[in-house]
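Let me begin by presenting the structure, written as structure tokens, before commenting on it.
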Amino acid sequence: HFSLPTSKGYQHEYLCCKMSTGVVVQDEVSDQFQDFKLKKGEQLRYFIYKIGKDKKSIEIEKKGTIDKTYDDFVADLPENDCRYGLIEVEFETDDNRETSKLVFISWNPDTASVRPKMLYSGSKEAIKAALNGVGIHINATDYSELDFEASILPVVKRFA
């Protein structure tokens, strides 16, 4: 809360709060994320999430099996619509160690309509909270920002 004086000396109370879309994350998103993080159950490389048709919840749209690649992940993102993605990126560190990191990607292409872009932007914090422990978050608005060598790998290596 904060107050602002007015020209007549009265104080008005203002409530400061983050605008929310009201979109919630389905339980299966959190449950399957915990298994994914702990490498339990189905062995997967990635998830693609979407906001459902009712525009009230975030759900799993696609899963990439462990044999899938980063290129398969990018191919599963729609060209002209928004999505969220979570992928385990495997790479070699500068000191030649094989390692992997979980990366959250917010895909909000410039070519998408305004409404979905606003809905996905405004709902991003809800899914980030559900994917607790993912330290790398990348926002992408076109395919060049998804380029593995030029855009993703340099960010991931900073966390290695």
Sorted by chain and number, the residues with a modelled amide H under 5 Å from that of Val25, at a separation of 5 or more or across chains, are Ile58
Furthest towards positive pole of dipole, Leu44, Ser113, Ala160, structure part the chain, Cβ charges
Ser113
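Tally up the carbon and sulfur contribution to the accessible surface of the chain as a whole percent, 1.4 Å probe, everything protein left in place.
49 percent
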For region 80-86, 3J(HN,Hα) per residue [Karplus equation, 6.51 cos²θ - 1.76 cosθ + 1.60, θ = phi - 60°, Hz, x = Gly/Pro]:
10, 9, 7, 7, 10, x, 10
Sum -39500 (n - 2.57) across every DSSP H segment of at least 4 residues in the chain, then divide by the residue count to get the 222 nm mean residue ellipticity, nearest 500.
-7500 deg cm²/dmol
Would you mind working out the accessible area per residue for region 16-160, using a 1.4 Å probe, and quoting it in Å²?
56 Å²
Listed values [x] 17.0; [y] 12.8; [z] 10.5, entry calculated as mean projected area of the Cα convex hull in nm²
[y]
Expressed as an acute angle from 0 to 90° and rounded to the nearest 10, what is the orientation of the C-alpha long axis of helix 27-37 relative to the principal long axis of the chain?
40 degrees
Taking the Cα atoms only, what angle lies between the long axis of helix 114-130 and the longest principal axis of the chain, rounded to 10 degrees?
70 degrees
What ³J(HN,Hα) values, in whole Hz, does the Karplus curve 6.51 cos²θ - 1.76 cosθ + 1.60 give for region 142-150 when θ = phi - 60°, with x put for Gly and Pro?
7, 5, 5, 6, 9, 4, 4, 5, 7
For region 54-61, take each phi angle, set θ = phi - 60°, evaluate the Karplus expression 6.51 cos²θ - 1.76 cosθ + 1.60, and give the result in whole Hz per residue in order, putting x for glycine and proline.
6, 6, 10, 8, 9, 10, 6, 9
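The values are calculated or read from the model by the stated rules, or taken from the named source; none is laboratory data. Values in this document were obtained by computation on a predicted structure and should not be read as measured data. Ideal geometry is used to build each Cβ from the backbone, glycine not excepted, and the neighbour counts take in all protein chains shown. Accessible surface areas use protein heavy atoms only, side chains included; no ligands, DNA or RNA. Shrake-Rupley method; radii C 1.70, N 1.55, O 1.52, S 1.80 Å.
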